[in-house]
Amino acid sequence: MQVHYAEGKGEAARAALHAFLDALPGWPGFLGAELLLSPAQPELTLVASRWAGEVPPVPVPDGVRAWVFQVQANR
């Protein structure tokens, strides 16, 4: 399993990441995702998604940074 994180700052990024989240279920291997906000960092929005196998080449919104992580351990 792999985890994909997409991160953006500001209201425009928050709206774009919400639309990004809505589009993820159409991609093969999608297992689930969350839109995350933190009171400690109110300008930051994060989408964390889980994938069976490799993450497909999902296009992230402009101004959004993204990373893919390989799950090494799970409980």
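What follows draws every value from the coordinates through simple rules; no lab data is involved. Bear in mind the structure is a predicted one, so any value in this text is a computation, not a measurement. Here Cβ is always computed from backbone atoms with ideal geometry, including for glycine, and neighbour counts include all displayed protein chains.
Among Trp51, Ala23, Asn74, whose Cα projects farthest towards the positive end of the dipole of the chain, with charges put on the beta-carbon of Lys, Arg (+1) and Asp, Glu (-1)? Ranked along the dipole, the leading option is Asn74. Taking Cα atoms only, the orientation of helix 11-23 departs from the longest principal axis of the chain by about 30 degrees.
Per DSSP helix of 4 or more residues, -39500 (n - 2.57); summed, then divided by the residues of the chain. What does that give at 222 nm, rounded to the nearest 500? The partial results should precede the final answer.
Details: 1 runs with 13 residues, N = 75.
So the calculated ellipticity at 222 nm is -5500 deg cm²/dmol.
Taking label positions 7 Å along the Cα-Cβ direction at both Ala15 and Trp27, the computed distance is 2.3 nm, reported to one decimal.
In terms of the mean number of neighbouring beta-carbon atoms within 10 Å, the peptides 38-47, 65-74 order highest first as 38-47, 65-74.
For the pair Val71 and Leu44, the difference between a 0.36 nm per residue extended length and the Cα-Cα distance amounts to 7.4 nm. Only the Cβ atoms of Lys and Arg (+1) and of Asp and Glu (-1) were treated as charged; on that basis the dipole of the chain about its Cα centre amounts to roughly 200 debye. Using a cutoff of 8 angstrom between alpha carbon atoms and counting only pairs six or more residues apart, the relative contact order for the chain works out to 48 percent. The peptide list 57-63, 17-23, put in order of mean Cβ contacts within 10 Å with the highest first, becomes 17-23, 57-63.
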